[in-house]
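One structure is given below, encoded as structure tokens.
The values are calculated or read from the model by the stated rules, or taken from the named source; none is laboratory data. Keep in mind that what you see is a predicted model, and the values were worked out from it rather than measured. All Cβ positions, glycine included, derive from the backbone under ideal geometry; neighbour counts span all protein chains shown.
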Amino acid sequence: MLFSSLTFLFAFLPITAIFYFVPVFEREETEFKKKNIILLLASLIFYAWGEPVYIVLMLVSICFNYNIGRHLQFYDGFEKQKKAVLFFAVAFNLILLGIFKYAGFVAENVENIFSLSLNYKAFALPVGISFYTFQALSYVIDVYRGTVKAQDKLLPFALYICMFPQLIAGPIVQYNDVEKQLVKREISKRKISVGLLFFIRGLGKKVIFANTIGAVWSEISAQDLNSMPALTAWFGILCYTMQIYFDFSGYSDMALGLGKILGFDFIQNFNFPYTATSIKDFWKRWHISLSSWFRDYVYFSLGGNRKGSKRTIFNIAAVWCLTGLWHGASWNFVVWGAFYGALLLLEKFVFASVLEKIPLWIKHILTMVIVMVGWVFFASESMGSAALYLKAMFASSELFDTQSLYYLSSYGFILLVMALSSFGVFRDFPRFKNKELRFLLHTAEYILIFVFCVVCLVSDTYNPFLYFRF
Amino acid sequence: MNNNQLDPKENEKDQHDDSSMNVLSIIMTALFSLIIVSVSLFFVFSSDKEMSESENRVLAQRPALTFSSLADGSFMTDFESWLADQFPLREKIIQLKTEADRLVGIKEENGVYIGKNGFLFEKQSSYNSEKMNGVFSTLNSFSKKNKSIKTAFVLSPNSSALLSQYLPSFVAEESQKSQLKAAEEAISKGKIQFIDCYSVFEKQEDKEKLFYKTDHHWTSHAALEAFRALMKNWKIDISKTKFEFQTVSSSFQGTLASSSQVRDISDSVEICFPSEPKVSSVLYYEAQGTKTASYFDKSKLENKNHYEVFMGGNFDKIIISTSAETENALLILKDSYANCMIPMFAPFFSKIVVVDPRYCSDKLSEIMKDYDFSHMAFIYNLNTFLEDTSLEGFLKK
């Protein structure tokens, strides 16, 4: 199920909320247990709604990693055994992820390299597997490292893995951030209303902004790249740049908001990434929970920067190729990751002194251009079409045509609004000192946004069938 | 959607000492819950609508919960379609969205350009040379086999070709003029006469009268001009016949209005028919088994699509017998553009067979055997003709 669906908004959400909030037990502990059971059931239904079969896979992952945690605790003090258990657990999780996410990609490459025909039929990608596998790994590694205690009850652990707000598209919550909240958490009126505002903001980002501009991108990217003028190409990738930000950060906001409504505090996943003034800065602001995960569990495990500069370079390169691969089983994601790895290395080791002297606004523009070039790799279906698209952007024979002007005049305004919004220009809007008045205006503003989201969702399904009916 | 001051830490800090904010929080949550719950309750208690007239389709109904529909996931998708299709105030909501889109500068909606002066335009289809060459060579070999029949092709441009000043700025479309030129060249290689409607329309003073603003069809005025050109080509004298126009509707919102949900303009529908000398006709809808004496089905004016007043809409085959004192018999292969032109033929042919190859399953060779046609006309509009997939096969049957 998607948050941005009518089913979620008008069936799942109200029903879950009623069961969750209407108190049944007087003892606080029992009431929280009830809330957790409701939340787990709701999460399973939420997942099964879109993936009735793959839910088994998620249940396997929950039971497996729960037991691993218990075993790691049991072998505390026996380093050898602990290491063996950890190795087994990491291998099992990665193999599971590998089979369902990367097997098709591997088979395809084996076929190409050895000119074989394997006739391998890849599985469909189970929704959320990349996210919940990484959460499970974070738990297992943290228990191994001793930074958290193993969870001895199955219910809170299952909730940690499959809680519906962050199940499908993150943020990747680390176990130590939510350990205590899994058993008992603060639920307040104030938190619920703030959560609602977060949720509506995310919904608006996704439904009003991302979907609208995404349609323009699909139209432009479907055109013949060989004859595309530069302006159309740049306009197109700008649309995608906005689409992916509002889509992803919108989803994170919705997760954050829903979490807050239920009493959880998740970390912010995005912090105005398009205001970044360097690549390093960008990755401190974009999909923060993923970069932290790779830093904490891959980069540090490889030794980080403590083993000399050669090793550091290798570590950074490895982490970024893997980050790329995490986004999808295809070479252009690897190239996209490697592209960022290379840029980060250049920033750190080659251009550090030069960059210090460049004015901030130039660095901002430079960063944005690099990020947009990066999105070309990310958005393209293959390396070949990425190359063609870059050619249209930088070496097109034509600067613009009538159609570029049509796009500009039709979507220029909303794109401008989106760009300004992604830079945080509308932050704190409206700016009133009086807190009550501000909140009231926000309430009105957000209710309007919500209503308009519903308008967009319903309109999307308008499907005239006019010319052919006999 | 501003990432704003709603910083959770700030909120938690003053949550205990700020009771007025607590009240506001409750109001906000209550308002939001009220919206959601009232929509949810609507779905619990409402009964489903069956049809959407503006979309011309059957709406999704409340899905039945069965084990198999759950297992294969069809229940879940049907459930979402049901909510979307039966949503309260659905039509109004969609119009609101169109208004909002126009406000921010978006100029097309569901493949329809929202032009100036209230004109809506279809997007122009592109000319697929390979496909069209196939169609034309079939047409030409067909005409060679039937040399004795005077055959003409009436190919009308679509409104944007003649009213391009009302298209939104910067719309880049394939030129209809060159599409029509290509068609003319290909057709002229065979025995079929090409009726150049574009040139005829271009000479008209009031071009706005030629097309509906809200519908993709031409008006009776355009049809009459095209008819004149056709008759001139066939050397049939129509000077003694008087054609009369009659307005039958002033509230027509056509397919383009339905597609785009732009609802602020209505068209008038005028019918045009030969009034003097009087000719009577009998129209026989063979497959439907109905007979009528009128080319105009006024009951259709009660529905949304008033263009269906002409001939009652599109039918596979209509056999018309008239009281005209002539041996001439006419075969028309057509799309819906022809519907408003057909009445004009009555005084000049005693038999008219109208076939829509999109719907007709009869064999063309047999239709031609049954009647001794003296004339034959293809009547199409450019967009439909470029997209058409039925004519070529029909000519080979």
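Scan segment B:27-65 residue by residue and report those that are of a type in the set (Lys, Arg) and more than 10 Å from every other protein chain (Cβ to nearest Cβ). The answer is B:LYS49, B:ARG62. Filtered by the rule that a residue be at the interface with another protein chain (Cβ under 7 Å from one of its Cβ atoms), in contact (Cβ under 8 Å) with a residue 40 or more places away in the chain and on the phi < 0 side of the Ramachandran plot, segment A:412-428 gives A:ILE414, A:SER421. Hey, among the residues in segment A:36-52 that are more than 14 Å from chain B (Cβ to nearest Cβ) and without any contact (Cβ under 8 Å) to a residue 40 or more places away in the chain, which one's nearest to A:LYS184 (Cα to Cα)? Selected residue: A:ILE38. Of the helices (runs of 4 or more DSSP H) lying entirely inside segment A:272-335, those carrying at least 2 residues that are among the basic types (Lys, Arg) and more than 18 Å from the chain's Cα centre (by Cα) are A:309-327.
Within segment A:208-228, being of a type in the set (S, T, N, Q) and touching a residue at least 24 places away in the same chain (Cβ under 8 Å) holds for A:ASN211, A:THR212, A:SER221, A:ASN226, A:SER227. Within segment B:105-114, the set of residues being of a type outside the set (S, T, N, Q) and either within 7 Å of another protein chain (Cβ to nearest Cβ) or loosely packed, with under 15 Cβ neighbours inside 10 Å (or both) comprises B:GLY105, B:ILE106, B:LYS107, B:GLY111.
Across segment A:6-26, the qualifying residues are those that are over 21 Å from B:ALA30 (Cβ atoms) and in contact with a helix residue (DSSP H, G or I) (Cβ under 7 Å, 6 or more places away or on another chain), and the one among them that is farthest from the other protein chains (Cβ to nearest Cβ) is A:PHE25. Those helices (runs of 4 or more DSSP H) of segment B:11-120 in which at least 3 residues are under 30 Å from A:LYS191 (Cβ atoms), considering only elements entirely within it, cover B:19-45. Inspection of segment B:97-104 identifies at least one residue that is within 9 Å of chain A (Cβ to nearest Cβ) and in contact (Cβ under 8 Å) with a residue 12 or more places away in the chain. When B:ASN133, B:ASN140 are screened for being polar (S, T, N, Q), closer than 15 Å to B:LEU391 by Cα, out of contact with any His (no Cβ under 6 Å at 6 or more places or on another chain) and surrounded by fewer than 16 Cβ atoms within 10 Å (Cβ to Cβ), only B:ASN133 passes. Going by the structure shown, is A:GLN166 in contact (Cβ under 8 Å) with a residue 24 or more places away in the chain, part of a helix (DSSP H, G or I) and in the same structural domain as A:GLU29 (by TED's automatic domain parsing)? It is true that A:GLN166 is in contact (Cβ under 8 Å) with a residue 24 or more places away in the chain, part of a helix (DSSP H, G or I) and in the same structural domain as A:GLU29 (by TED's automatic domain parsing). Within segment A:45-56, if we keep just the residues that are buried (at least 17 other Cβ atoms within 10 Å of the Cβ) and not small (Gly, Ala, Ser), the residue that is modelled with the lowest pLDDT turns out to be A:GLU51.
When you look at A:PHE105, is it under 18 Å from A:LEU325 (Cα atoms), in the same structural domain as A:PHE164 (by TED's automatic domain parsing), assigned to a helix (DSSP H, G or I) and not charged (D, E, K, R), yes or no? It is true that A:PHE105 is under 18 Å from A:LEU325 (Cα atoms), in the same structural domain as A:PHE164 (by TED's automatic domain parsing), assigned to a helix (DSSP H, G or I) and not charged (D, E, K, R). What do you reckon, is A:ALA124 assigned to a helix (DSSP H, G or I), without any contact (Cβ under 8 Å) to a residue 40 or more places away in the chain, of a type in the set (Gly, Ala, Ser) and in the same structural domain as A:PRO156 (by TED's automatic domain parsing)? Spelling it out, it is not the case that A:ALA124 is assigned to a helix (DSSP H, G or I), without any contact (Cβ under 8 Å) to a residue 40 or more places away in the chain, of a type in the set (Gly, Ala, Ser) and in the same structural domain as A:PRO156 (by TED's automatic domain parsing).
Taken over segment B:240-256, the criterion of being of a type in the set (Val, Ile, Thr), away from every other protein chain (no Cβ under 14 Å) and not in a strand (DSSP E or B) is satisfied by B:THR241 alone. When A:PHE10, A:PHE32, A:PHE19, A:PHE25 are checked against the criterion of being in a helix (DSSP H, G or I), out of contact with any Cys (no Cβ under 6 Å at 6 or more places or on another chain), free of Cβ contacts under 8 Å to residues at least 24 places away in the same chain and more than 24 Å from B:THR77 (Cβ to Cβ), A:PHE19 stands alone in meeting it. Among the residues of segment A:222-239, are any within 18 Å of the chain's Cα centre (by Cα) and either in a helix (DSSP H, G or I) or at pLDDT 90 or above (or both)? No, every residue in segment A:222-239 fails to be within 18 Å of the chain's Cα centre (by Cα) and either in a helix (DSSP H, G or I) or at pLDDT 90 or above (or both). If only residues of segment A:205-246 that are surrounded by 21 or more Cβ atoms within 10 Å (Cβ to Cβ) and of a type in the set (Ser, Thr, Tyr) are counted, the one that is nearest to B:ALA100 (Cα to Cα) is A:THR212.
Tell me whether segment B:119-132 contains one or more residues that are in contact (Cβ under 8 Å) with a residue 40 or more places away in the chain, among the aliphatic types (A, V, I, L, M) and assigned by TED's automatic domain parsing to the domain that holds B:SER390. Scanning segment B:119-132, I find at least one residue that is in contact (Cβ under 8 Å) with a residue 40 or more places away in the chain, among the aliphatic types (A, V, I, L, M) and assigned by TED's automatic domain parsing to the domain that holds B:SER390, so the answer is yes. When segment A:63-107 is limited to residues that are aliphatic (A, V, I, L, M) and surrounded by 19 or more Cβ atoms within 10 Å (Cβ to Cβ), the one that is farthest from A:VAL140 (Cα to Cα) turns out to be A:LEU97.
Number of residues in segment B:248-291 that are surrounded by 13 or more Cβ atoms within 10 Å (Cβ to Cβ) and in contact with a Phe, Trp or Tyr (Cβ under 8 Å, 6 or more places away or on another chain) equals 20. If you take the residues in segment B:8-26 that are modelled with pLDDT of 50 or more and at the interface with another protein chain (Cβ under 7 Å from one of its Cβ atoms), which one is surrounded by the most Cβ atoms within 10 Å (Cβ to Cβ)? The qualifying residue surrounded by the most Cβ atoms within 10 Å (Cβ to Cβ) is B:SER25. Regarding segment B:283-297, can at least one residue be identified that is among the aliphatic types (A, V, I, L, M) and touching a residue at least 40 places away in the same chain (Cβ under 8 Å)? Checked against the condition, which is being among the aliphatic types (A, V, I, L, M) and touching a residue at least 40 places away in the same chain (Cβ under 8 Å), segment B:283-297 yields no hits at all. The residues of segment A:265-285 that are within 14 Å of chain B (Cβ to nearest Cβ), over 13 Å from A:PHE199 (Cβ atoms) and not aliphatic (A, V, I, L, M), listed by number, are A:ASP265, A:GLN268, A:ASN269, A:PHE270, A:ASN271, A:PHE272, A:PRO273, A:TYR274, A:THR275, A:ARG285. Taking the conditions exactly as written (within 9 Å of chain A (Cβ to nearest Cβ) and buried (at least 16 other Cβ atoms within 10 Å of the Cβ)), does B:SER69 satisfy them or not? Answer is no for this residue. When A:LEU155 is tested against (1) surrounded by fewer than 21 Cβ atoms within 10 Å (Cβ to Cβ); (2) not assigned by TED's automatic domain parsing to the domain that holds A:LEU41, just one condition goes unmet, and that condition is (2).
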